[in-house]
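> Dropping a structure here in structure tokens format, bear with me for questions.
The values are calculated or read from the model by the stated rules, or taken from the named source; none is laboratory data. All figures in this text were calculated on a predicted structure; none of them were measured in a lab. Don't worry about glycine lacking a Cβ; one is built from the backbone with ideal geometry, like all the others, and counts go over all protein chains shown. Side chains included, ligands, DNA and RNA excluded: accessible areas come from the protein's heavy atoms. Shrake-Rupley method; radii C 1.70, N 1.55, O 1.52, S 1.80 Å.
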Amino acid sequence: MQDLGLLGLFLIFLALVLGALAVLSKRRGNAIRAKVEGAQEARSIDADRPRPRVSEFHVRGAEAQVFFDVPLPEGEIDEVLGELLTNEALEVVREKRHELPIDGVTTVVAFAGRDGEPRRVGTVALEEPGILPPPMVAAPSLHLGHIGFDPLEKQFSDDLVQNAPTLVSDQRADTLGPIGNELRLPKAVVVGLRAQGIDPATMTSAEMVRSLLRLFGYIVTAADHPLAFKAAKAGSVTYLREDHYQPGDHPEVEDVTMREFVMEFVNSGADRGLLISDKFSPFGVYEKEKREPRIRFVTRERLQKFVDALSLE
């Protein structure tokens, strides 16, 4: 009898252990599934269009408040940027409506800003509490993929002679400031950069180029090298390599950087390659582009031409 009692206790203990393991396994499976589904959703969103990053979302009383990590200039907020963020706030609420109750919400408010007090950039009053308007077909969007113009194709179709850098001149400063201070950016480009979290006043050349490519429907992903990315569209892949400038650096792209870029591009298997630099081109860039027509150096003196070719104004 005593043995039967011990056996019963053992079976009860075993059942409890197996039950606990089943619960843990289910929770782990749900967590993994949620992580995978979240990653798939993020990829599908990125593949469609770039979106402003949401830093906070709250339902406070009758307001649904959406905060975007978008750098704003001082003074008046651009009307197009405000409209874009307000429309995006509606879509964020639409996606979040199953997580937080919005039955009593009568107003959707978009906030934006960075490193300071967020600023209210737009408000939408709902006709009925908790009922969102249908998505706007012609709403402002961070996506220009429908435009036939391809900003990368333009770089490789131009005559190389027109892109040949001039000889080093005394006007080239030994210390280089932010590239945004030297560029004339169309209004649409400024809006597109800010909405993607890029501040034109402090951005690097590579940040600007990557953001513009996203606007035109490119899927930009990280490559193996920490300063490299790949931009894919319509079956074509372009290898992007950054060359940052730090105070005290030589103001021209170094020869070792150019050699590394060429080797990385060849090993990447990409169709085309761009080295994007905050620095100036040495004269040797022209010869390298002639020898390997699949590569281009988008350097400091060439960036304005890259921006001008977009013709977004």
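> So, for region 204-300, what is the accessible surface per residue at a probe of 1.4 Å, expressed in square angstrom?
Working: 3960 Å² over 97 residues.
Value for region 204-300: 41 Å² per residue.
> Let me ask another. Counting only protein chains, not ligands or nucleic acids, how are ARG53, ARG291, ARG272 ordered by accessible area (probe 1.4 Å), most first?
On the way: ARG53 140, ARG291 165, ARG272 30 Å².
Correct descending sequence by accessible area is ARG291, ARG53, ARG272.
> Something else about it: Full extension from THR257 to ALA201: what is 0.36 nm times the residue separation minus their Cα-Cα distance, to one decimal in nm? Intermediate values should be presented prior to the final figure.
Working: separation 56, 0.36 × 56 = 20.16 nm, distance 2.58 nm.
Result: 17.6 nm gained on full extension.
> Want the number for SER55 to ILE219: 0.36 nm per residue separation, take away the alpha-carbon distance, what's left?
Working: separation 164, 0.36 × 164 = 59.04 nm, distance 2.26 nm.
Taking SER55 through ILE219 to full extension adds about 56.8 nm, to one decimal.
> What's the extension gain from GLU95 to GLU182 if we count 0.36 nm per residue and subtract their Cα-Cα distance? All intermediate terms of the calculation are to be shown ahead of the outcome.
Numbers: separation 87, 0.36 × 87 = 31.32 nm, distance 3.97 nm.
Working it through step by step, the gained length comes to 27.3 nm.
> For region 216-313, give the percent of accessible area contributed by carbon and sulfur heavy atoms, probe 1.4 Å, rounded to a whole number.
Exposed carbon and sulfur together represent 54 percent of the surface.
> So how do ASP115, ASP103, ASP69 rank on accessible area, 1.4 Å probe, biggest first, that is with the largest at the start?
ASP115, ASP103, ASP69
> A follow-up question, please. What is the distance, in nm, between label points placed 7 Å from the Cα along the Cα-to-Cβ direction at ASP308 and at ASP271?
Placing both labels 7 Å along Cα→Cβ, they lie 2.7 nm apart.
> Counting only protein chains, not ligands or nucleic acids, how are HIS225, HIS98 ordered by accessible area (probe 1.4 Å), most first? Walk me through the intermediate numbers first.
Working: HIS225 60, HIS98 150 Å².
Correct descending sequence by accessible area is HIS98, HIS225.
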